[in-house]
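J.: Please find one structure pasted underneath; my questions will follow.
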């Protein structure tokens, strides 16, 4: 069964993503030729800042310093990150794509980008909580995704699909939670019509 899934994934890759390889290569060549010493440290900071420890610390800060909805926001983020990472890990093992820098580990394959998936998922969650800062959250997410291509750790299609997984999962979880809250809410009390009885 596992071998069949791997071959199916290879067929899909050749049929749908194969033509993307040429674009990936052109973008990668252009980005690598544009690398500059002044950009190395900022890009590495952005890339390394999006790790498990930093994300957990950030969610803890949200829970502690936002008395209005911090705990709920952090809880929602964890509910989003769990299926996001599950989907990413399954795809990594199925595609087993070599990273542009040559690293090839089936457990840490290039496609899709977990950094992009996680940071875009969080951008959606935080943006729903602080809507006026949504452009800032999206800008940070884009910068992290770009840093992964810049540092030659991912192809363009890796970060595009990873970003789509993060956004899609975050939106799906948000809608699911909204439906649950709505269904758990008590029914509204009937409105009196002024005649001593309930309005019809």
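We did not get these values from a lab; they are worked out from the coordinates using the rules stated. Being a predicted model, the structure only gives us computed values, none of them experimental. Note: ideal-geometry Cβ built from the backbone for every residue, glycine included; neighbour counts use all protein chains shown.
J.: At a 10 angstrom cut-off on C-beta neighbours, averaged per residue, how do the peptides 132-139, 74-81, 35-42, 153-160 rank from highest to lowest?
T.: 153-160, 74-81, 132-139, 35-42
J.: May I ask you to compute the full-extension gain from residue 27 to residue 57, defined as 0.36 nm times their residue separation minus their alpha-carbon distance, rounded to one decimal in nm?
T.: Gain on extension, residue 27 to residue 57, equals 7.4 nm.
J.: Return 50, 56 ranked ascending by Cβ neighbour count within 10 Å, so the fewest neighbours appear first.
T.: Ordered by Cβ neighbours within 10 Å, fewest first: 56, 50.
J.: Could you calculate the FRET efficiency of residue 20 with residue 180 from 1/(1 + (r/R0)^6), where r is the beta carbon distance between them and R0 is 30 Å, rounded to 0.05? Before the final figure, lay out the partial values.
T.: On the way: r = 37 Å, r/R0 = 1.25.
According to the calculation, E is roughly 0.20.
J.: Would you work out the relative contact order for region 37-183, in percent, from Cα pairs under 8 angstrom that are 6 or more residues apart?
T.: 27
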